[in-house]
Structures are given as C-alpha cells and as structure tokens.
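What follows is one structure encoded as structure tokens, with my remarks underneath.
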Amino acid sequence: MEQRPLTPERAAELQRYIGYGASWLGPALVSGEGCRVTDIHGASYIDCTSQAWSLALGYNHPEVIEAAVAQMRTLAHARAGFPTLPRLLLAEKLADLCPGHLKKVVNAPTGSLAVEAAMKLALINRPTAHRFVTFYHAYHGSTFATMAAGWMPTHTPGRFGPGAKFLPFMQNVVRVPNPYCYRCPLALSYPACGAACARSLGDTIARGVDGPVAAVILEPIQGNGGQIPFPALFVTEVRRICSDFGIPLIFDEIQTGFGRTGRMFALDGLGVAPDMLVLSKSMGGGFPIAAVVADERLTQFEPTGEDVYTFGSNPVAQAAALKVIEVLERDRIPEHAARMGALFTEGLKRLQARHPQIGDIRGPGLFIGVEMVKDPTTKEPATDKAKAIVAQAWQRGVILATASALPNVIKIKPPLIIRESEVGTVLEVLSDCLKAVGS
Ligand SMILES: Cc1ncc(COP(=O)(O)O)c(C=O)c1O
C-alpha cells in the first residue's frame, strides 16, 4: 500500500494520537542520507545526534540496507527460541571482537533490556546480593530497573527526574561519585590525583551498602550524564575494587561501542575488561538490537524463561549488524572517527579562545561534549546559553543536543562517516551561533 503523503499541518495534528514519554525534538522526519536528514518542511540538517547516537554509518547506509533487505526476503522474523544464521554469525563476531573471556552473547531487543539482562545475570551469579552500585549521572535506560540505576530518580538536574515516580518498583541501587574531572569535588587534578575519587566506591561497598553487591555498572564515558569520560586510572581502580570484593563489573557501552570513541569499544583504550559488556545503538545501523557479551565463566541463564522476548533476536537487525561491523572494520571507521574528532577538538579550541564561555571540551573521538559556563573561573553553568546555541544551530541546519543531566553541556556526536567539509560546516555554524547568543 502506498503511503499517503502528509502535509506538515496534518502531521503536526496527528501527533496528538501518540503517547510519548519524552519531549518532541522537531518536526516529522522524512528521509536521510549520510550525515543529513530532511524534515517534512523540506529542511535538511547535518545530524550531530546520529538519532540517539545510533547511526555510526549515517542514514540509510546502502550496504546495510541491502543486507537487511536480503535478510527480510529470506527470513524476517524468528522467535528467540530458534538460532538463525545471522544470530549465530553475529554471536561469533561479537565474541571475536571482545577481549579475554567475554564470549557468551545474550540477545536483547533494546539497550535497557540488555542492561537488565546483565543485571539478572549478576543476580544469578551473586544469589544473596540485592544491591547494584552505579555512578552519579549514570544513564542505563528507561525500564523500571534501569531507570532506577541512572540519574533519573535523583535531583541531578536541579529537580527530581522522571524516574522518581517509578521507584516503588525498584530501590536497589546505591550511587557513588563519578570522576567529573572538570569539577573535581576533591579539588585535585588528573592524573596526579591517582584517581583518588575511586576510593569512595570501595568505601561504599564496605560500609555504605547493606549486604553484598550484585554488580557495579559503569559507562566508560557518560553520555546522557554530561559527556564525562572516565579516566583509565579510575576505571583500573574500579576493576581492582570489584575484583577484590568478587563483584561483577558491567560496562554499559551502549553509546561508546562500535567506533564512536575512535576505537571499536571504549574498553580498548582503557586496558581493562569487564565481566559483562552491554552493547546496542550503533550496532544495528538503525535497526533495534542489543546484546550482553558475558564472561563465559559466569553462570549463564537457565533455559526456563529467565530472559526471553518475542522480538529479542531479530534476524534482519542481526544481518544489518553484521554488515555494520564489516564496514566499520573494512573502512577503518573508528580511526576516521578519531581523526574527525581531533579536527572538531582543534576547531572548538580555536572557538574557546574567542568565547571563554566554552568552559571545557571533552572527547575522545566523536563523543564530544562542550560544557558552557558563565565564567571560566567560577564555572557557573550557562544552561540558557547552551540551549540557545542548540536552538540557533537548528535554524542554521545543524542538529545538536544538550545532555539531560547536565543541560549546560552541548553534545556533538555526528555519524562516524562525517566528512572533513561537514566538520567545517558544523564548526562555522557553531561559531555563528556563539556570536548570535553573545557573551
Ligand atoms: C549508556 C546507555 N545505556 C542504556 C541506554 C538505553 O538504551 P535504550 O534506549 O535502547 O533502551 C542508553 C540510551 O540512550 C544509553 O545511552
């Protein structure tokens, strides 16, 4: 059946039928190619949000689409109780990409459900434990358990977040300080500090949690939480503390995985392996897919329905994921992301020299955060300025976003295939926006 074209007015009117739990970000989207997306008004944008940081290879990568269409024609759906060819090949590929004993792949339809699967595995392996430890500003998803594990039930953005309403279903999380070096609460600087802030994790596990801890969950770079990279020394300390206490360590690489940081996984740059690695977003080239890659020495799920979803193992998304990984490796996309990230960072530093309200520029790769402040000495957050810049950029054809937990941080996370000329365009637009919003 041919889709009836909608006028922008009719599209806006039809939105009232949709019950959505977050704010609308813009008008209806119609088509996309490469780094660009076109809306129902015909406006075209360079999308520096990659549709929730998921389109590593950009919109409609022809080879990914071809792989998905070919799979659709062969076998479009199979329930999770059957192995299929793309599922088996993808599991082998993920096991191959991951270091050490990370060899057992659990399929999941979305990131949140994959994090929950990892939490379930942790509980299976620590039968007497009932608490998880996460970090300030963490974001692990939007299900009951994952919302409770993130910043969303806390007062992080200056008000209680949406997750606070759902806490009766999950109150089993204790949070410890994150290594937010730009505003170090210990007033130390890295690396001379020796990652002193990691001590609070050990102290909390020893004295602040009732009973044994099921797992520590960590994003190697917090995205939603404000683009905060966890330094290698900090993560090494976390690993040591978890090992000392016998607590499984879960890396949530849903955002950082598949090349965005300039490496296939952020863990590749940290020299530390978790007991479980959670993946999603860029893995599917836009198709919904997620996975946990668990240490094969852990006790795994029993075949009793401990973790099963009708759409938990979709062959089309898996065929797309196999192609995404093939292209990432073949075209050395992580290295390209590192180069484009360096270009962005250099350009942003030039802008910072003219606009001191750019307080901090964070990476690595194309995982870029720009923290806006009123004054670089007081570091008072300039949230209105960050939001105004994002609004101005929209008008100039660039989609940016601010971090939910730290809304004075602008996120620049385009598809990893972004070209040098497009980096230049985004930097010019940013320069114009900074001038337009004034100091
Ligand atoms: C680090 C991290 N973990 C978990 C999730 C949840 O993934 P999903 O939205 O696919 O459930 C997200 C989504 O933004 C994320 O960034």
Pull out the extension gain between Phe144 and Glu66, defined as 0.36 nm times the separation in residues minus the alpha carbon to alpha carbon distance; nm, one decimal.
24.5 nm
Out of the DSSP beta bridges found with both residues in the chain, what percent are antiparallel (nearest 5)?
65
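Anything over 20 Å Cα to Cα? Flag those among Lys281/Lys323; Lys281/Lys411; Lys349/Lys435; Lys104/Lys413; Lys413/Lys435; Lys93/Lys323, in the order listed. Please list the in-between numbers first.
On the way: Lys281/Lys323 14 Å; Lys281/Lys411 16 Å; Lys349/Lys435 15 Å; Lys104/Lys413 30 Å; Lys413/Lys435 22 Å; Lys93/Lys323 11 Å.
The answer is Lys104/Lys413; Lys413/Lys435.
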Rounded, prolate or oblate for the range 380-439? Axes are the square roots of the Cα gyration tensor eigenvalues, ordered a ≥ b ≥ c, and the cut-off for rounded is a/c under 1.5.
oblate
Calculated on alpha-carbon atoms, Rg and Dmax of the chain in Å
21.4, 64
Can you give the Kirkwood hydrodynamic radius of the range 212-355 from its Cα pairs, in Å with one decimal?
17.1
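Test of understanding: ordering Trp53, Trp24 by Cβ neighbours within 10 Å, fewest first, what list do you get?
Details: Trp53 23, Trp24 10.
By the 10 Å Cβ count, ascending, the order reads Trp24, Trp53.
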Over the range 121-209, what is the relative contact order in percent, taking alpha-carbon pairs closer than 8 angstrom and at least six residues apart?
24
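Among residues other than Val64 whose Cβ falls under 10 Å from its Cβ, what is the net charge (Lys/Arg +1, Asp/Glu -1)? Show your work: numbers first, answer last.
Working: positive: Lys323; negative: Glu63, Glu66, Glu326.
Taking every Cβ under 10 Å from that of Val64, the sum is -2.
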What relative contact order, as a whole-number percentage, does the range 63-330 give when Cα pairs under 8 Å and 6 or more residues apart are counted?
31
Just order 386-394, 287-295 by mean Cβ neighbour count inside 10 Å, highest at the front, would you?
287-295, 386-394
With Rg and the Kirkwood Rh both taken from Cα atoms, where does Rg over Rh land for the range 299-363?
1.30
What percentages, rounded to whole numbers, describe P(r) for the range 204-287 computed over all alpha carbon pairs with 5 Å bin width beginning at zero?
3, 14, 24, 23, 17, 11, 5, 2, 0
If you wrap a convex hull around the C-alpha atoms of the range 263-327 and split its volume per residue, what is the figure in Å³?
104
Within 10 Å of each residue's Cβ, count the other Cβ atoms and sort His130, His355 from fewest upward.
His130, His355
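Under the classification rounded if a/c is under 1.5, otherwise prolate if a/b is larger than b/c and oblate if not, where does the range 144-286 fall, given a ≥ b ≥ c as square roots of the Cα gyration tensor eigenvalues? Walk me through the numbers before you get to the answer.
On the way: a/c = 1.30, a/b = 1.05, b/c = 1.24.
It comes out rounded by the Cα gyration axes.
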Would you mind giving the three semi-axes, in whole Å and largest first, of the ellipsoid equivalent to the range 292-439 according to its Cα gyration tensor?
37, 20, 15
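Quick note: the coordinates plus some simple rules give every number you see, no bench work behind them. Source: prediction; values computed, not measured. Positions of Cβ are backbone-derived with ideal geometry, glycine not excepted, and every protein chain shown enters the neighbour counts.
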